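Structure first, commentary second.
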């Protein structure tokens with residue numbers, strides 16, 4: 001029993017040489033997971049931000065098409081405004 005306390009338990013409590021390699025691997029895995037989560041969140045944020053710009057541009061084009069279809073603007077004005085939107 002005394003040998004068990006000197007080798008196994010004591011090494012684990014003092015982070016002995018036999019376990020230190022696993023703790024380093026565990027820390028690296030935790031770091032990689034944290035970095036991956038940050039990258040995924042950043043991409044989602046960037047995608048949502050750029051998605052709003054496209055959405056407003058598409059909405060403006062849709063309104064322009066509706067006004068042209070209703071006859072509120074001429075074909076020349078429609079083409080000019082469409083070119084300005086793009």
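The values are calculated or read from the model by the stated rules, or taken from the named source; none is laboratory data. Just so it is clear, the model here is predicted, and its values are computed rather than measured. A quick note on method: Cβ atoms are made from the backbone with ideal geometry, for glycine too, and the neighbour counts reach across all protein chains shown.
What to note about this one:
- Sub-8 Å Cβ pairs linking a first residue in segment 42-62 that is within 14 Å of residue 82 (Cβ to Cβ) to a second residue that is at pLDDT below 90 and surrounded by 10 or more Cβ atoms within 10 Å (Cβ to Cβ), at least 6 apart or interchain, are 57/85; 60/85; 61/82; 61/85, ordered by first then second residue.
- Condition met for residue 7 (out of contact with any helix residue (DSSP H, G or I) (no Cβ under 6 Å at 6 or more places or on another chain), on the phi < 0 side of the Ramachandran plot and modelled with pLDDT under 60): yes
- For segment 62-81, a residue qualifies if it is in a helix (DSSP H, G or I) and touching a helix residue (DSSP H, G or I) at 6+ places or on another chain (Cβ under 6 Å), and the qualifying residues are 64, 68, 78, 81.
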